[in-house]
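These notes concern the structure reproduced below.
What follows is calculated from the coordinates using simple rules that are stated; it is not laboratory data. These numbers were taken from a predicted model, which means no experiment stands behind them. All Cβ positions, even for glycine, are placed from backbone atoms using ideal geometry, and neighbour counts span all protein chains on display.
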Amino acid sequence: MLSDFVRFVVVALVVLVALAAAVRALESRFAFFPSVGESVTPANLGVPYEKALLTTTDGVSLRGWSLPHPAPRALIVYFHGNGGNLSAWAPILVAINRQGYAVRAFDYRGYGASTGRPSERGLYKDVDAAVEWAWRAGGPNIPVVYWGRSLGTTMAAYAATSRSPDGLVLEAGFPDARVLLRSSPVMAFLGLFSSYRFPTAGWLTGVRSPVLVMHGDDDQVIPFTAGRALFDKIAGPKRFVTIKGGDHNDAVPPDPTAYWAAVNAFIASLTKG
């Protein structure tokens, strides 16, 4: 009887170890959806820009874009989501620039013209390089704002632990990866074996920069409730803005006037640290 129980325990442990190994071997394919190359640029959309080459501490080369402005109201350091590359995000970067902001953006490893392969730990190294580049390029008399969208909210939150910005914009974000898995019992179970955490709210512990959280109430990828949960966990000064009718991948918000009014009012309230 005992031997049968021991055999069962051994088999169960072997299955769990194999399952954990399989999940960790495949987790990057479920977390990242990069597109390689570079097609559309800000210049194609009528905005001048400069290319930059960033190098991480582990030797990965990252493509960066700098969109200057003759009289910037702030410097926006933009952390894009887990899909596409800078070319896919170019319309959004150009829209930010046209609101009167200088913009610095970059592609994570494995995206666009950047080398390497994406992983959660690897992306944090990419963010470290981007923060150093952005502050080196930023002017001393304007606020520096980290703006993250979707997975980029985790990266922006992490960036704030490296060097505190004057403000944070977190759009279509979530408190951590586990929140996104709870709607599916199978995914929630498999998530127990993943090494990926993306703890957006956790990175913000101790960060006291003002935060603007924005989330579409028609988001079909990251639920609106996840954005509210992230907001609730932020301890410092914060604002929440509902993007009425906004979905996750909108390049243009349903109500651009209201959207930009909220962004501009938040950034105007910031003081240079």
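Of the options Thr257, Ala229, Gly216, report the single residue whose Cα projects farthest towards the positive end of the charge dipole of segment 216-273 (beta-carbon charges: Lys, Arg +1; Asp, Glu -1).
My answer, from the dipole projection, is Ala229.
Does anything in segment 105-120 have its amide N under 16 Å from the 7 Å Cα→Cβ label point of Glu132, and if so which residues?
Those under the cut-off are 109.
Summing +1 for each Lys or Arg and -1 for each Asp or Glu, what net charge is found among the other residues whose Cβ lies under 13 Å from the Cβ of Lys51?
Within the 13 Å Cβ shell, the charges total -1.
Within the set of other residues whose C-beta is less than 9 Å from the C-beta of His215, count the net charge using Lys and Arg as +1 and Asp and Glu as -1.
Working: positive: Arg228; negative: Glu171, Asp217, Asp219.
Result for the neighbourhood of His215: -2.
What residues qualify as long-range amide H neighbours of Val77, i.e. H under 5 Å apart, gap of 5 or more or another chain, H built at 1.01 Å from N?
Under 5 Å from the amide H of Val77: Arg104, Val145, Tyr146, Trp147.
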